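Q: Before anything else, here's the structure in question.
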Amino acid sequence: MSTPIPKAELHVHIEGTLEPELAFALADRNGVRLDYASVDELRAAYSFTDLQSFLDLYYALMAVLRTERDFTDLAEAYLARAAAQGVRHAEIFFDPQAHAVRGVGMDTVVRGLSAALDAAEERHGVSTRLIMCFLRDRPAEEALATLEEARPYLGGAVSGVGLDSAEMGHPPEKFREVFARAREAGLHLVAHAGEEGPPAYVWQALDVLGVQRVDHGVRCLEDEALVERLRRERTPLTVCPFSNVRLRVVDRLEDHPLPRMLQAGLVVTVNSDDPAYFGGYAEDNMRGLRTALGLSDADVRTLARNSVTASFIDAERRTALLAEVDAHRFTD
Ligand code: HPA
Ligand SMILES: [Zn+2]
């Protein structure tokens, strides 16, 4: 690969970076039986019809994650791959409720992930933040309990909260209270909205939850007033092109609405979402898009700059990373 452009990744689920090889290694280590005979057989199951069909496999495979060391190994593997793809800063989602159902508690998950994240700057040159997501298809009360369980880590290991899982039928307003509490705790706020769900869910994420970024948000294009609002307030959208194709939010990469989003003046970023399942990491997404849509060098630089300005890093590192993006030379 020619030198990837330096960038931030703002939308990646750590559980979605679980590659089949690591899943089998952890299954062996923990004595967990998988329903698949081999890595190839598992990979062959990665054919999705919508978000739910993906989530079913995503949650099932998490059964192999048991100990602090498992979470450390998972995050370390992601950080090494991300660094090789030019990622210089990563804001990483995790789903504590999806682990609690197996009796794997908050401390195990956060301490395990933090061990890898804390070493990432020195080991890989990647700064990091951790964003705790609530599962929107679980009750609001469970999200509140999850926030309380994470209390010792809020503002420390955990910088923000998000909202993910099955979108349809689970509007952002269901989580009004937990987001209000997270705001009181001084946390950053983001939410998945407008991936499969309608523009109304994006409005709610902004007006009811008060999010600083919208994850996905591609369906905003169906509502002109919403596009104008996002543009005027420069609310970043963390777009995930490979994910959109694999989950059939768009038919083909060639049809991806990203150029229209840029054209509309939106602060768009490119991200990998669940790279082990969707066919590639951050730079893979960038190059895939570039080829499919004929993006220019200037477009790619704009996307990389957006990723840095949309991140939650401090001003000094932001300036340093923007300088790196501007100094990048395209060689192919
Ligand atoms: O793309 C996604 N959408 C919603 N929830 C998720 N959890 C992991 N990936 C996703
Ligand atoms: Zn996502």
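Q: If Lys and Arg each add +1 and Asp and Glu each add -1, what is the summed charge of the other residues whose beta carbon sits under 15 Å from the beta carbon of A180?
A: Local net charge: -2.
Q: Here's another thing I want to ask about it. Count charges around D73 for me, please; just the other residues with Cβ under 12 Å from its Cβ, Lys/Arg as +1, Asp/Glu as -1.
A: Result for the local shell: -2.
Q: For the stretch 57-106 and the stretch 210-243, what is the centre-to-centre distance using only Cα atoms, to the nearest Å?
A: 26
Q: Ok, one more. Using every alpha carbon pair in the stretch 17-64, what percent of pairs falls into each 5 Å bin from 0 up to the bin containing the largest distance?
A: All Cα pairs considered, the percentages come to 5, 21, 33, 26, 11, 3, 1.
Q: Using each residue's phi in the stretch 154-163, evaluate 6.51 cos²θ - 1.76 cosθ + 1.60 at θ = phi - 60° and report the 3J(HN,Hα) Karplus result to the nearest Hz, with x for Gly and Pro.
A: Going residue by residue, I get 5, x, x, 4, 9, 8, x, 10, x, 9 Hz, with x marking Gly and Pro.
Q: Give me the three principal axis extents of the chain from the C-alpha atoms, as integers in angstrom, largest value leading.
A: Projected onto its principal axes, the Cα set of the chain covers 50, 44, 41 Å.
Q: Ranked highest first by the average count of other Cβ atoms within 10 Å around their residues, in what order do 165-172, 96-103 fall?
A: 165-172, 96-103
Q: Follow-up question, since we're still on this one. Please give the length that would be gained between T49 and R33 if that part of the chain were fully extended, namely 0.36 nm times their separation in residues minus their C-alpha to C-alpha distance (nm, one decimal).
A: That pair, T49 and R33, stretches by 3.2 nm at full extension.
Q: Also: Which distance in nm do the two modelled labels at D207 and R123 give, with both placed 7 Å along the Cα-to-Cβ direction?
A: About 4.5 nm separates the two model spin labels.
Q: Under 5 Å between amide H atoms, partner at least 5 residues away or on a different chain: which partners does R213 have, H built in plane at 1.01 Å?
A: When sequence neighbours closer than 5 places are left aside, the close amide H contacts are A191.
Q: Work out how much length R301 to A180 would gain on full extension: take 0.36 nm times their residue separation and subtract the Cα-Cα distance, in nm to one decimal.
A: Value of the extension gain: 40.0 nm.
Q: Which value in nm describes the separation of the simple spin-label points at D40 and T309, placed 7 Å from the Cα toward the beta carbon?
A: Going from the D40 label point to the T309 one covers 4.8 nm.
Q: Then there is this: Amide H of F134 versus every other amide H placed in the peptide plane: which residues, excluding those fewer than 5 positions away on the same chain, fall under 5 Å?
A: Those lying under 5 Å, H to H, from F134 are G162, L163, D164.
Q: What are the ³J(HN,Hα) values, in whole Hz, obtained from phi via the Karplus relation 6.51 cos²θ - 1.76 cosθ + 1.60 with θ = phi - 60°, for each residue of the stretch 225-237 in sequence order, with x given for Gly and Pro?
A: 5, 5, 4, 5, 4, 5, 5, 4, 8, 6, 6, x, 10
Q: With 10 angstrom as the radius, rank E121, E283, E228 by how many other C-beta atoms surround their C-beta, starting from the fewest.
A: Final ranking by Cβ density, sparse to dense: E228, E121, E283.
Q: Considering amide H positions built from the backbone, and no H for Pro or chain starts, which residues 5 or more places from V250, or on another chain, come under 5 Å of its amide H?
A: Answer set, sorted by chain and number: V245.
Q: So, R0 is 35 Å and r is the distance between the beta-carbons of Y59 and Q263; what FRET efficiency does that work out to, to 0.05?
A: 0.45
Q: If you add up the charges near C220, with Lys and Arg at +1 and Asp and Glu at -1, over every other residue whose beta carbon is less than 15 angstrom from its beta carbon, what do you get?
A: Result for the local shell: -3.
Q: Each label point is 7 Å from the Cα along the Cα-to-Cβ direction; what then is the distance between the points at R290 and S2, in nm?
A: A separation of 0.7 nm, rounded to one decimal place.
Q: If each residue's Cβ is checked for other Cβ atoms within 10 Å, how do D50, D314, D95 rank with the fewest at the top?
A: Ordered from fewest to most neighbouring Cβ atoms within 10 Å, D50, D314, D95 come out as D314, D50, D95.
Q: I would also like to ask the following. Whole-Hz Karplus ³J(HN,Hα) for the stretch 175-187, in order, using 6.51 cos²θ - 1.76 cosθ + 1.60 and θ = phi - 60°, x for Gly and Pro?
A: With the stated coefficients, the stretch 175-187 comes to 10, 3, 5, 5, 6, 4, 5, 5, 5, 4, 7, x, 7 Hz.
Any read-out appearing in this document is the output of simple, stated calculations on the displayed coordinates, not a laboratory observation. Since the structure is predicted, the reported quantities are computational estimates derived from the model, not experimental observations. Please note: Cβ atoms are built from the backbone with ideal geometry, for glycine as well, and neighbour counts cover all protein chains shown.
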